[in-house]
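Remarks on the structure that follows.
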Amino acid sequence: MKLSIVIPVYNERKTVAELLARVKAVELPGIEKEIVIVDDGSTDGTLDVMSAWHGQDGVRVFKQPRNMGKGAAVWRGMQESTGQVVLIQDADLEYEPNEYPILLRPILDGEADVVYGSRFLGTARGHRVLYFWHSVGNWALTLLSNMITDLNLTDMETCYKAMTQDIVRKLDLKSQRFGIEPEITCKVARLRARIYEVPISYHGRTYAEGKKIGFKDGIQAGWTLIRYARWRP
């Protein structure tokens, strides 16, 4: 089986090399890894770092024509992917690539089409304690998402989402920024995909360390949920 790991990147020069090293170090017996990196118009030299990896052991680097947003970069990566399973990975070291086996197990066992890695289900490794209002916003958006989709997710906004290529081909994603997470959730629910959640660890970073999501993105996520509530495949 082939796994495509889609990595959207924007101004992550300090972390992207370490992230790629961690992704490549993950051992997945019987699984071929394809790493699809999409640079979203970085201006800090990120593309120079990533270009050195292009062509090495399944690493492919693509460049957006301009800064278009995380959602657009994720969708570009998904469209460029060739694996039977696609997994989304941020480049900021907040998520642990060595937890890929946990994310992939329900799909490999034939029990799921889509798997969410939840930061709130509990894990022996725990998570970094940070912003209270971020957790409130995440809870509110997940609650609204569950009301609209009739799912019982605990972490709709998680970066870690893995899904089969069959699901990816049906998504036709439109959100260019952080609305990508609720759009994916609305659409996989409307596709009646088999969705699993598994616990993951989380090492959140501060704004001083480069965190990008903010209040306006939360508002946009709520609007995206309403917009795609009645989406038809």
Filtered residues of region 34-68 (kept if closer than 11 Å to Tyr10 by Cα, in contact with an Asp or Glu (Cβ under 9 Å, 6 or more places away or on another chain) and not in a loop (DSSP other than H, G, I, E, B)): Val38, Thr46, Leu47, Lys63
Output for region 175-198, where each listed residue is surrounded by fewer than 20 Cβ atoms within 10 Å (Cβ to Cβ) and modelled with pLDDT under 95: Gln176, Arg177
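When you go through Ile35, Ile5 one by one, which is the residue that is without any contact (Cβ under 8 Å) to a residue 60 or more places away in the chain and of a type in the set (A, V, I, L, M, F, W, C)?
Ile35
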Restricting region 161-173 to residues that are of a type in the set (Lys, Arg) and either free of Cβ contacts under 8 Å to residues at least 60 places away in the same chain or assigned to a strand (DSSP E or B) (or both), the residue that is surrounded by the most Cβ atoms within 10 Å (Cβ to Cβ): Lys161
Looking only at region 215-228, and only at residues there that are surrounded by 15 or more Cβ atoms within 10 Å (Cβ to Cβ) and modelled with pLDDT of 85 or more, the one that is farthest from the chain's Cα centre (by Cα): Arg227
Pair list, Cβ < 6 Å and 6+ apart or interchain, from region 52-68 residues that are touching a residue at least 12 places away in the same chain (Cβ under 8 Å) and surrounded by 15 or more Cβ atoms within 10 Å (Cβ to Cβ) to residues that are among the polar types (S, T, N, Q) and in a loop (DSSP other than H, G, I, E, B): Met68/Gln176
Residue match in region 108-129 (condition: surrounded by fewer than 18 Cβ atoms within 10 Å (Cβ to Cβ), in contact with a helix residue (DSSP H, G or I) (Cβ under 6 Å, 6 or more places away or on another chain) and either modelled with pLDDT of 95 or more or farther than 21 Å from Glu94 by Cα (or both)): no
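The values are calculated or read from the model by the stated rules, or taken from the named source; none is laboratory data. As the structure is a computational prediction, the values presented were derived from the model and not from experiment. Quick reminder, even Gly has a Cβ in these numbers, built from the backbone with ideal geometry, and neighbours come from all protein chains shown.
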